[in-house]
């Protein structure tokens with residue numbers, strides 16, 4: 001959920017930067033710097049303890065999603081942006097010279113190429129965000145780490161619990177990682193190197 | 001004489017302090033083949049890019065069939081459909097097959113039926129000797145093949161005028177010919193074309209008119225026989241002499257003796 005919002009947020013930010021939308025462009029770059037240069041834990045505390053102070057009631061889960069989206073959005077934006085920048089501007093000109101509108105040029109020519117360039121960074125970000133969920137335990141959200149600590153508290157089986165923790169993270173993340181490299185290979189086969 | 005298809009009136013273009021096009025007047029009539037030659041940096045390519053409104057102009061006007069080409073115009077995409085452009089670096093879309101490259105704009109922009117456009121595309125590919133390549137991706141083709149596909153892609157939009165921007169400059173010598181042959185064929189069909197090239201033999205063979213551009217000015221606008229045999233300006237003579245190898249040879253002999 002948080003990651004999905006992060007992808008959307010990142011996409012919108014990248015588009016704003018690509019088209020150099022006035023004012024919004026500034027807002028986006030401030031956001032990106034702010035979110036990339038502060039740790040997730042700090043961002044979470046900010047949302048979890050800060051928002052209620054200004055009268056916004058939240059729960060741990062919403063805070064988790066918001067924190068992940070806030071952090072992930074900027075990383076995703078950078079991934080998309082590098083993809084968009086990798087498409088040569090003369091490709092755009094070539095599409096325009098065929099009478100395509102700006103929207104058509106983006107949808108049929110630039111975006112498909114940009115996405116296949118940004119896939120590696122994109123998958124790396126997803127994995128990075130999944131791992132970052134381990135700090136959620138700090139705001140008492142039931143993530144893997146929190147559960148593991150819980151179990152250690154209950155049964156005093158520290159070694160076993162921590163070992164299982166590693167195994168579970170691998171079970172969740174390895175398939176995503178493998179899917180990522182498969183996708184990357186297919187896209188590389190289908191495009192580029194003109 | 002009939003109204004020109006394309007008319008440039010006092011077109012001026014600057015890049016910063018640099019004047020790249022200086023008060024250019026040019027009219028192109030139906031079926032004419034215009035070849036633009038000149039030393040590099042003289043504004044040849046920029047001229048083509050201005051016609052297609054890929055570059056803004058700072059002065060003058062460009063008309064296609066009495067419609068003004070304006071980079072801010074809402075109808076710009078409409079006008080661009082009538083102007084086919086082929087680039088030096090081919091610019092096929094690498095994520096699409098040859099056939100998809102050709103069919104994309106006619107179906108999306110002109111909303112024509114896919115089957116109809118595909119048939120036309122295949123027929124055109126056949127004419128340029130590329131039947132059987134429709135499923136390939138750009139990176140599987142040679143430079144000459146890519147450029148022929150790019151020409152077909154432009155043709156499939158049924159443009160009224162074709163612009164060629166040094167389309168053979170990036171090709172190996174043996175591939176230059178196959179692309180030039182396609183262009184000679186188009187000229188023979190009575191297509192209206194503006195060609196920027198460094199291939200002087202080809203220019204002589206294909207042109208109805210030669211435009212010699214230097215320092216952003218049209219220095220000569222004349223028939224190829226006149227331009228190649230008896231150019232009026234000293235600059236044109238100097239330019240042409242660079243393509244004369246016996247001149248070079250005599251200079252080499254002079255230096256060595």
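FYI, it's all coordinate maths here, none of it is from the lab. Because the structure is predicted, anything quoted here is derived from the model rather than measured. Glycine also receives a Cβ, built like all others from the backbone with ideal geometry; neighbour counts cover every protein chain displayed.
Working from label points 7 Å from Cα in the Cα-to-Cβ sense, the residue A:143 to residue B:217 distance is 7.1 nm.
The base-10 log of I(q)/I(0) for the protein assembly as shown, evaluated at q = 0.11, 0.12, 0.13, 0.14 Å⁻¹, reads -0.93, -1.04, -1.15, -1.26 [Debye formula, identical scatterers on Cα atoms, solvent excluded]. Averaged over the residues of peptide B:92-99, the number of Cβ atoms from other protein chains lying within 10 Å of each residue's Cβ is 6.
Helix B:114-127 and the long axis of chain B differ in direction by around 40°, with both axes built from C-alpha atoms. Could you list the residues of segment B:37-80 with an amide nitrogen less than 16 Å from a label point located 7 Å from the Cα of residue B:14 in the Cα-to-C-beta direction? In segment B:37-80, the label zone of residue B:14 (backbone N under 16 Å from the point 7 Å along Cα→Cβ) covers B:56-60. Between the helical axis of B:245-256 and the longest alpha-carbon principal axis of chain B there is an angle of about 40 degrees. Here chain B yields Rg over Rh of 0.99, to two decimals, using C-alpha coordinates and the Kirkwood radius. As a proxy for reagent exposure, ranking B:27, B:89 by other Cβ atoms within 10 Å from fewest up yields B:27, B:89. The mean number of Cβ atoms from other chains found within 10 Å of a Cβ in peptide A:87-94 is 5, as a whole number. Taking the Kirkwood radius as Rh and the Cα radius of gyration as Rg, chain A has a ratio of Rg/Rh equal to 1.07. One Cα centroid belongs to segment B:199-249, the other to segment B:21-83; the line between them spans 22 Å.
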